[in-house]
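Working notes, beginning with the structure itself.
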Amino acid sequence: MKLICTQDNFRKAIINSEKIVSKQNTLPILNNILLEANKNYLKISATNLEIGIEVKIGARIEKEGRITIPARLLSNFSTNLTEGENMDIEVINQDLKIKNGSTKAVIKGFSAEDFPLIPQKNTEFVLNIGIDKLKDIFSKILIAVAHNEARQELTGMNIIFGEKELFFAATDGFRLSEYILKISEDEVNKEYYSEFREKTKNIIVPINTLTELNRIISNNLDGVTVKVFIEEGQIFFEFDGIKIVSRLINGKYPEYKHIMPENYKTIIIGDKKVLQNALKIAGVFVNNKSNEVVLKIDTEGRNIFIDTKSVEVGENSTQINFEVQGESQEIVFNLKYLIEGINVVTTNKLALLANNDSSPVAIREFFDGTKEVLTDFTYIIMPIKN
């Protein structure tokens, strides 16, 4: 194998691939990254048998070939190379020789014969979603995914395929996030989508896969679209020369729609930052064991109060002037879950909707331009019963 490529492309590809490699692999070969020189590109691959990644970068190939290199070593080395310089790469007798500017290195490699095959797709793409939309979905949904594997189906994001909408949802049993994406004609494979929906009502994508995908697309890839392929218990994401493949979670996702109230007796609307600041102050006085914060809604006074009390620290009450509609309420929340839901709101104002102190409470975005509560994103949090 012999080739020339740019340091920047090589470094980015190694960083994206290396993160897939597990730190607890039982098979030594899985600690490696596979380098393959083919015609006019270099393909860099990694897998932990749950997730696989392939990254193609342009290169001048003088001799084709394959080799695997320890992932951590190659990542640490490539990160510190001279920017703007080309890389001369050559394999001689299982040694990877690299020249970059004034830097030369020889890295002991291993045969590529034992490296696992990364699954390849066999069907048409189902979805074609812009990265900006995916970033927004992930920022609002992934916070609610469960990390306790006692119920494996909750350790992923559920996607329901509607005729004109996609429903993304996650829950850990204490809160629920749902994002409704209205799909346009250019975001689905029109010839294939209807047939796909007849066979597949929903899928569950593992949190680890989504975290890695989110990490990569967050790296200045604005304007790029992601093609999504789904087949035989696997999901593929393709974009910008990168392919990620992952298994899907085999399980039945809970029917969460029935816990989302259709109507609410009380609605408060106000500035997101004001509420965030009040809750941060409340966090100073919160009881570390219970983590409880009391939200008092005063309809007559058109105020809300954020109250916390701790025997060890003291107590705090912050009054906020919000728009209040409906009945007065007093509701106890877990501060962590409440503030995490507010933090992902992207509008300047938000709406909090409630019925009573024991039924689900919703947080939604509020668009000041049209003075309406938006319904495409809903964060549901369960109150703590007194």
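What follows is calculated from the coordinates using simple rules that are stated; it is not laboratory data. Note that the structure is a prediction, hence the values are computed from the model and not measured. FYI the Cβ positions are ideal-geometry reconstructions off the backbone, even for glycines, and counts take in every protein chain you see.
Remark on region 2-108: Rg and Dmax equal 12.9, 39 Å (Cα only).
Applying the Karplus relation 6.51 cos²θ - 1.76 cosθ + 1.60 with θ = phi - 60° to region 81-95 yields 3J(HN,Hα) values of 7, 6, 6, x, 9, 6, 10, 9, 10, 8, 10, 10, 6, 6, 9 Hz, where x marks Gly and Pro. For region 90-197, which GluC sites (Glu not before Pro) pass both filters: DSSP loop (anything but H, G, I, E, B) and at most 14 other C-beta atoms within 10 Å? Answer by residue number: E113, E124, E149, E163. Tell me, Kirkwood radius of the chain from alpha-carbon pair distances, in Å? Kirkwood hydrodynamic radius for the chain: 23.6 Å.
Counting lysine pairs in region 127-257 that sit 8 or more residues apart in sequence, or on different chains, and whose Cα atoms lie under 12 Å apart gives 5. Contact order for the chain, expressed relative to its length and based on alpha carbon pairs under 8 Å spaced 6+ residues apart, stands at 13 percent. Take every Cα pair under 8 Å whose residues are at least 6 apart in sequence, average their separation, divide by the length of region 2-108, and the relative contact order is 31 percent. Considering only G233, G65, T308, and ranking their Cα positions along the charge dipole of the chain that arises from unit charges at the beta-carbon of Lys, Arg, Asp and Glu, the one farthest toward the positive end is G65. Take every pair of alpha-carbon atoms less than 8 Å apart whose residues are at least six positions apart; their mean separation over the length of region 213-306 yields a relative contact order of 12 percent. Farthest towards the positive end of the charge dipole of the chain, among the residues V55, P383, L27, is the Cα of L27, using unit charges on the Cβ of Lys, Arg, Asp and Glu. Charged side chains reduced to their Cβ positions (Lys and Arg at +1, Asp and Glu at -1) give the chain a dipole of some 920 debye around its Cα centre.
In Å³ and rounded to a whole number, note down the convex hull volume per residue for the Cα atoms of region 190-245. Mind showing how you got there, number by number?
On the way: hull volume 5.5 nm³, N = 56.
Measuring per residue, one finds 98 Å³ for the Cα hull of region 190-245.
Scoring 40-52, 319-331 by mean Cβ neighbours within 10 Å over their residues and listing the highest first yields 40-52, 319-331.
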